[in-house]
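I have placed the structure first, in the form of C-alpha cells, so that the comments after it can refer back to it.
The values are calculated or read from the model by the stated rules, or taken from the named source; none is laboratory data. Just so you know, these numbers come straight off a predicted model, no measurement behind them. Counting neighbours? That spans all protein chains shown, and the Cβs are built from the backbone with ideal geometry, glycine included. Please note that ligands, DNA and RNA were not included when accessible areas were found on the heavy atoms of the full protein model with its side chains. Shrake-Rupley method; radii C 1.70, N 1.55, O 1.52, S 1.80 Å.
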Amino acid sequence: MNNEEIVARVQANPKFQELVQKKTGFGWMLSIVMLAIYYGFILVLAFNPSGLGASLSGGITTVGIPVGLGVIISAFVLTGIYVQRANGEFDRLTQEVVEEARK
Amino acid sequence: MNRRIPQILGALALVGLSAAAFAAGAVEGEVQKAKATNWSAIIMFFAFVGFTLGITYWAARRTQSASDFYTAGGGISGFQNGLAIAGDYMSAASFLGISAMVFDKGYDGLIYSIGFLVGWPVILFLVAERLRNLGKFTFADVASYRLAQTPVRILAATGTLVVVALYLIAQMVGAGKLIQLLFGLDYAIAVVLVGVLMVMYVMFGGMLATTWVQIIKAVILLSGASFMALMVLVSVGFSPEAMFAKAVENHPKATAIMAPGGLVSNPIDAISLGLALMFGTAGLPHILMRFFTVGNAKEARKSVFFATGFIGYFYILTFIIGFGAIFLVGTNPNFLDDAGKIVGGNNMVAVHLAKAVGGDLFLGFISAVAFATILAVVAGLALSGASAVSHDLYASVIKKGKANEKDEMRVSKMTTLVLGVLSIILGIAFEKQNIAFMVGLAFSIAASANFPVLFLSMFWKGLTTRGAVIGGFIGLTSAVVLIVFGPTVWVEVLGHAKGSELFPYKNPALFSMTLAFFSTWLFSVTDSSRQAQEEKGRFDAQFVRSMTGIGAAGASKH
C-alpha cells in the first residue's frame, strides 16, 4: 500500500475527523484560555493596579501576590490538563486511526 | 473609557520592556574585576568542567550516526528534555537579572517573569507535537516538508545562522564580563575558555553531550536556587507575610514594592517586544531542535509540560530570592560599597545572597553554576548553527539530499569549530560594544522570519514556496533594517544625534511580523504556477502525518 492510499484511508476514517476536530479545537481553546488569563492580568494591571496593591487580609501581603503566582500556576495546570487528555483520549484515537490505516 | 487605554498600553509596555531587559542576557557596562581570585568557585567550576567532559567522552562513544549527532538518536525522554528546555530558558541572565529586578522593584519583577512563561503553553497546544511528527533534525525539515527544498532551506538556514550568531555574541560578551566579575579572570581568557569548551562538547559529544550538560546544569541551578529560597524562608520562620514585612521595612520604596508600579515610555514598543518574545520563542532554532531529541509526539508533549513546570518553579524561586536579598543583602555592609550601592551592581544580588546564606563555599557553588549555565546555553546554540550548515545547506542544498552521512557529520564538526573560533573573535571584538540590542534582534528575527514560515507551513494549505521565501526574507530584512534605523543602533551604537533615528521604535516585531505574514500570504495566493498547485496538493499528506505521526522519524535504535 503506498503512501497516498494510506493518506486517503486515514482521511476517510471518521475517527480521524473526530481526532482532528477534538485535538485542534482543544488546543485552540486552551491557547485562548491562556491568553485570556494573561491579558486579563494585564487589564487588571492597567485598570485596577490599586486592587492588586490592596492588602490581602490586613497584613503586608497584597492581593497581587496570589494573583501573580496564580497566573504562573495556571500555565502549568493548563499544560497538565492538555497532556492528561492528549495522553489518554487523543492518543487512543490516534492509535486506532493508525492501526486501521495499516490493515 | 478612553483615558484607560494609555493605562492598558502602559501595563503591556511594562511587561514588554522589562522582558527586554530580562532577555538581554548580558551583564551590561563596565564591570569591576573581583577583588581576589575566587578559589572555591574555581575549584567547583573545574569539577563541573571535568564531570561534563567525562560525559562528553561517554557521549562521543555513542555518537556514531547523524541522528545521534543531531538529536541524540531521539532517545531523550520527555522528562529529560523538559529539563533541557528549561535549562535553555534559565540562562545566567534570567537568574541574575530577574532576582535583581525583584530586589529593585519588588512585585514588578513577578510581572516580568510571567510574560516569559505564557508562551510555553501555547507552544504545547499548537506547535510541539506537529513539529515532532514532521521534522527530523532541524525546523527547516518541517518548513520545507512540501515546498521546494533549496530555497526554503536556504531561508531557514539563514534565519538560524543570524539568530545563532546574534545570540552567541551576546552570550560570549555577557560570559566574559560575568566571569571577570565572579572569578577575577581576564576577559579574553574567559571568552576563550567558554569558546573552547563549547566546541569540545558539541564536536565530540554532539546532541547527547549538549543535552546532558544542559540537564545537569538545570538540576544544579534549580537545586542551588531552591536552597537559597529555602534559607530565605527559614530566616523568616516560613512566613511569607513576615518575609514581605521585613522586605518592606528595609526597602527605600517601602510598601510600593508590594504593588504593581513602573513607568511606560512607549506602549507600541512594548507590545512589539511582547510579540517578539512570545512568538520568537517558537522560532528560536536551538529551542525547536530539542523537539527532535525525543522519540515521539507523546514525549514532545510531556517535555513542554515538565519545562513549563520547571520554568514556573524557577521564577517563583527567583521571586523569593529577590525579596530575601532586600533584607539579607541590601542591609549588610559587607555587600555594599562606600556609596551604599551593591558591590558589582544589582545583578550581583543573587550571588551575594548565596554568600549570605551559605558562606564562601556556597558562593563558589553559585558562581560555578552561573558559568555552567553559560556553557550549556552556548553549546546548544553552536549545535543548532552547525546543523543548519551541515544538514540544511550542505546535505540538502549542495548535495541535493544525497550526501553520505560521514561527510555530513564532518561538515557539522568543522562548522562547530569555525563557529567556536568566530564566537571567540567576535566576543573579544564586541567587549566594549553595546550589545544589549542583539538578543532583542534575535527574538525579532526568529518571530519575523522563522516563525511565520514554520507556522503557516503547518497550518495553512495555501502556502507556496514563493510566498514562504519572499515572506521569510521580507521578515528577516525588515527586522534587521528597522533595528538598524531604530534608536538602539542608529543612536546608541552608530552615534547619530538623539532623535535622528529613522524608525521611532526599539522593537520592530509588530511591524516586521505583520509584514512577513502579509507578504507570505500575498505571494502565495497570487502564485498560480503548477509547482504551487502541487505544493498545496501535498498538504493533506503532511496534515495526516502531523496529526497521527504516520511516517514520522522515530528513535534511531529500534
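Take the residues of segment B:285-314 that are over 15 Å from the mean Cα position of the chain (by Cα) and hydroxyl-bearing (Ser, Thr, Tyr): which is most open to solvent (accessible area, probe 1.4 Å)? Residue satisfying both the conditions and the ranking: B:Tyr313. Contact annotation: residue pairs with Cβ atoms under 9 Å, 6 or more positions apart or on different chains, pairing a residue in segment A:1-20 that is within 9 Å of another protein chain (Cβ to nearest Cβ) with a partner that is loosely packed, with under 12 Cβ neighbours inside 10 Å, are A:Ile6/A:Arg102.
What number of residues in segment B:392-443 are closer than 30 Å to B:Lys177 by Cα and at pLDDT 90 or above? Don't jump to the end; show me each part of the working.
First, the residues of segment B:392-443 that are closer than 30 Å to B:Lys177 by Cα: B:412-443.
Subsequent filtering for residues that are at pLDDT 90 or above retains B:412-429.
The qualifying residues number 18.
Here are B:Gly322, B:Gly309, B:Gly283: which of them is outside any helix (DSSP H, G or I) and of a type outside the set (D, E, K, R)? Within the list B:Gly322, B:Gly309, B:Gly283, the selection yields B:Gly283.
Note on segment B:75-114: residues that are part of a helix (DSSP H, G or I) and in contact with a His (Cβ under 8 Å, 6 or more places away or on another chain) amount to 1.
Just to check your reading of the model, which residue among B:Val219, B:Val202 is surrounded by fewer than 17 Cβ atoms within 10 Å (Cβ to Cβ), within 23 Å of the chain's Cα centre (by Cα), under 23 Å from B:Thr71 (Cα atoms) and not acidic (Asp, Glu)?
On the way: B:Val202 fails: surrounded by fewer than 17 Cβ atoms within 10 Å (Cβ to Cβ).
So the residue among B:Val219, B:Val202 that is surrounded by fewer than 17 Cβ atoms within 10 Å (Cβ to Cβ), within 23 Å of the chain's Cα centre (by Cα), under 23 Å from B:Thr71 (Cα atoms) and not acidic (Asp, Glu) is B:Val219.
Counting the residues of segment A:27-48 that are over 18 Å from B:Gly261 (Cα atoms), more than 7 Å from chain B (Cβ to nearest Cβ) and open to solvent by less than 30 Å² (accessible area, probe 1.4 Å) gives 0. Per the listing B:Phe103, B:Phe79, the residue uniquely open to solvent by 10 Å² or more (accessible area, probe 1.4 Å), modelled with pLDDT of 90 or more and either under 17 Å from the mean Cα position of the chain (by Cα) or within 14 Å of chain A (Cβ to nearest Cβ) (or both) is B:Phe79.
With respect to B:Phe227, is the statement that it is modelled with pLDDT of 90 or more, open to solvent by 20 Å² or more (accessible area, probe 1.4 Å) and either more than 10 Å from chain A (Cβ to nearest Cβ) or not in a loop (DSSP other than H, G, I, E, B) (or both) true? Considered against the rule, which asks whether it is modelled with pLDDT of 90 or more, open to solvent by 20 Å² or more (accessible area, probe 1.4 Å) and either more than 10 Å from chain A (Cβ to nearest Cβ) or not in a loop (DSSP other than H, G, I, E, B) (or both), B:Phe227 comes out as yes. If you check B:Leu124 against the conditions, is it more than 14 Å from chain A (Cβ to nearest Cβ) and touching a residue at least 12 places away in the same chain (Cβ under 8 Å)? So B:Leu124 does not fit the description; no.
Of the residues B:Ala254, B:Ala225, B:Ala242, the single one that is among the aliphatic types (A, V, I, L, M) and touching a residue at least 60 places away in the same chain (Cβ under 8 Å) is B:Ala225. Residues of segment B:481-539 that are without any contact (Cβ under 8 Å) to a residue 40 or more places away in the chain, of a type in the set (Phe, Trp, Tyr) and assigned to a loop (DSSP other than H, G, I, E, B): B:Phe503 alone. Note on segment B:55-76: residues that are of a type in the set (Val, Ile, Thr) and open to solvent by 20 Å² or more (accessible area, probe 1.4 Å) amount to 1. Give B:Ala372, B:Ala379, B:Ala447, B:Ala395 a once-over and let me know the one that is surrounded by 20 or more Cβ atoms within 10 Å (Cβ to Cβ) and touching an Asp or Glu at 6+ places or on another chain (Cβ under 6 Å). Exactly one residue qualifies, and that residue is B:Ala395. Taking (1) under 30 Å from B:Ile366 (Cβ atoms); (2) away from chain A (no Cβ under 14 Å); (3) under 21 Å from the mean Cα position of the chain (by Cα) in turn, B:Tyr89 satisfies each apart from (2). With respect to (1) at the interface with chain B (Cβ under 7 Å from one of its Cβ atoms); (2) out of contact with any Ser or Thr (no Cβ under 7 Å at 6 or more places or on another chain); (3) buried (at least 19 other Cβ atoms within 10 Å of the Cβ), the lone exception for A:Gly59 is condition (3).
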